[in-house]
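For reference, the structure discussed in these notes is given below.
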Amino acid sequence: MAKWGGSWVRGGEKAGAMSKVMNTFWAAVLGVSVLGLGAPGAVAQGPGMMHGRMMGALPQWMGNAAPSEATIQLGRMLFYDARLSTAGDVSCNSCHDLQRYGVDGLPVSLGHKGQKGTRNSPSVYNAAGHVAQFWDGRTPNVEEQAKGPVLNPVEMAMGSEAEVVARLKGVPGYARYFSAAFPGEADPITFDNMARAIGAFERGLVTPSRWDRFLKGERSAITQQEMRGHHEFMHNGCASCHNGAYVGGNSLQRAGSQRPWPVQDDVGRMALTGLETDRMVFKVPSLRNVEKTGPYFHNGKVTSLEEAVQLMGRHQLGIELEARQAQDILSWLRSLTGVIPKDYIARPKLP
Ligand code: HEC
Ligand code: HEC
């Protein structure tokens with residue numbers, strides 16, 4: 001797959017150079033944005049146009065054609081079903097609590113027998129649209145991703161794919177839902193179909209916020225301070241990595257592109273590829289709902305969002321943000337807190 005060596009995976013040097021270029025670029029664009037704000041009507045473009053190239057509104061659905069309602073319904077059940085874990089006590093929702101913005105709020109998650117993993121659980125909201133899954137981008141999409149935790153010995157710890165299938169076949173009632181979701185298949189209860197259904201459900205986990213309303217033209221959806229924060233975010237170069245509809249999630253970059261990252265026991269993508277250029281390279285996280293998804297970073301070591309923002313300035317951009325700038329950025333980040341789709345995530349009755 002050419003994609004794996006492709007342009008969305010950037011090593012440190014390139015990322016550094018890239019962010020400098022982008023800073024200059026955005027400083028130029030900022031001139032336009034500030035004008036637009038200060039003197040309404042001075043710029044012909046609406047807010048959506050102004051920010052459209054770099055930022056975008058969330059889609060309603062992350063992917064091409066939406067799958068059938070039956071597939072989504074099955075995926076929702078499986079997401080909540082702890083019987084997919086060996087001891088019957090851990091479900092996807094244990095670590096990605098849909099009521100809590102898709103995270104568990106812990107530095108690193110607790111799985112089978114309370115064992116700790118080594119990484120912070122990212123949100124499943126707005127994740128399916130990312131360029132790849134996991135902190136190191138090791139899996140191309142949510143359907144493939146869903147196979148990982150079920151078999152992971154510190155997460156749900158099932159022994160094998162066959163064991164998972166046997167477990168599902170042993171639940172009277174699932175046959176009907178698998179048949180409805182995968183019509184025409186002689187033996188629809190398979191490991192792959194389980195993952196397909198979970199992925200289908202995850203593709204609908206979007207949380208539009210006031211920021212989306214603003215991007216669609218509702219200027220009053222965002223306060224003055226939030227707007228200032230957005231400008232700071234653009235002007236200082238945060239958006240060279242955190243951009244697009246997910247404000248991140250579309251490239252891999254080095255943590256510490258300007259100054260070495262303070263903690264380096266997890267080398268990120270390098271552990272996967274063995275390449276020195278991948279040292280400390282992680283997927284740029286989406287900043288959607290970031291106010292609610294702490295603690296922060298791949299190891300969940302930072303609990304304060306303000307500190308996370310300051311660390312980013314220092315290590316990714318080589319600047320010290322003034323307290324006022326950081327406060328404005330924080331206020332814009334909070335405008336990315338969206339609405340949880342209560343009906344879509346309602347816990348279903350399990351078969
Ligand atoms: C024991 C806790 C735990 C359980 C159970 C668990 N996850 Fe995760 N999940 C994590 C952690 C930790 C990561 C990050 C691991 C990494 O990047 O190496 C993760 C990553 C993900 C991601 C990637 C998100 C992104 O932004 O890259 C998705 C999607 C996801 N999990 C969905 C699921 C699904 C679906 C299930 C159930 C089949 C599940 N998880 C079960 C802890 C868990
Ligand atoms: C060169 C690319 C780059 C730039 C520029 C950048 N970031 Fe990041 N950002 C990342 C990466 C990579 C991570 C994940 C690092 C890790 O987990 O170790 C991250 C993580 C974050 C997090 C933690 C999110 C979470 O869920 O854990 C926040 C908040 C954040 N960035 C905000 C900002 C802000 C604000 C700026 C500008 C001051 C900025 N970033 C500039 C690449 C960048």
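Derivation of every value follows stated rules applied to the coordinates shown; laboratory data play no part. Quantities reported herein were computed from a predicted structural model and do not represent experimental measurements. Cβ sites come from the backbone with ideal geometry, for glycine too, and all protein chains shown count toward neighbours.
A few remarks follow.
- Estimated dipole of the stretch 177-229 in Debye, rounded to 20 [Cβ of Lys and Arg +1, of Asp and Glu -1, Cα centre]: 520
- Span from the the stretch 131-158 Cα centroid across to the the stretch 179-213 one, whole angstrom: 15
- Charged-residue dipole, Cβ positions (Lys, Arg, Asp, Glu), the stretch 69-202 about Cα centre, Debye nearest 20: 280
- Global form of the stretch 155-253, assessed from the alpha-carbon gyration tensor, a/c cut-off 1.5: prolate
- Going from the fewest other Cβ atoms within 10 Å to the most, the residues LYS349, LYS301, LYS113 appear in the order LYS349, LYS113, LYS301.
- Between LEU272 and GLU69, the simple spin-label model (points 7 angstrom out along Cα→Cβ) gives 3.7 nm.
- Stretch gain in nm, segment ALA180-ILE319, where the contour uses 0.36 nm per residue and the Cα spacing is subtracted: 44.5 nm
- Cα-only radius of gyration and Dmax that characterise the stretch 69-202, units Å: 14.2, 44
- Residues whose amide H lies under 5 Å from that of VAL302, counting only those 5 or more places away or on a different chain, are TYR296; hydrogens are built 1.01 Å from N in the peptide plane.
- Relative contact order %, the stretch 114-196, counting alpha carbon pairs below 8 Å whose residues are six or more apart: 22
- Maximal additional length on extending the TRP61-ARG100 stretch stands at 12.0 nm, based on 0.36 nm per residue less the C-alpha distance.
- In terms of overall dimensions, the C-alpha atoms belonging to the stretch 212-305 reach 48, 24, 20 Å along their principal axes, ordered largest to smallest.
- Estimated at 0.36 nm per residue, the fully extended path between GLU161 and LYS342 surpasses their Cα-Cα distance by 62.0 nm.
- The H on the amide N of ASP97, modeled in the peptide plane, is under 5 Å from the matching H of GLY102, VAL103, ASP104, each at least 5 residues off or on a different chain.
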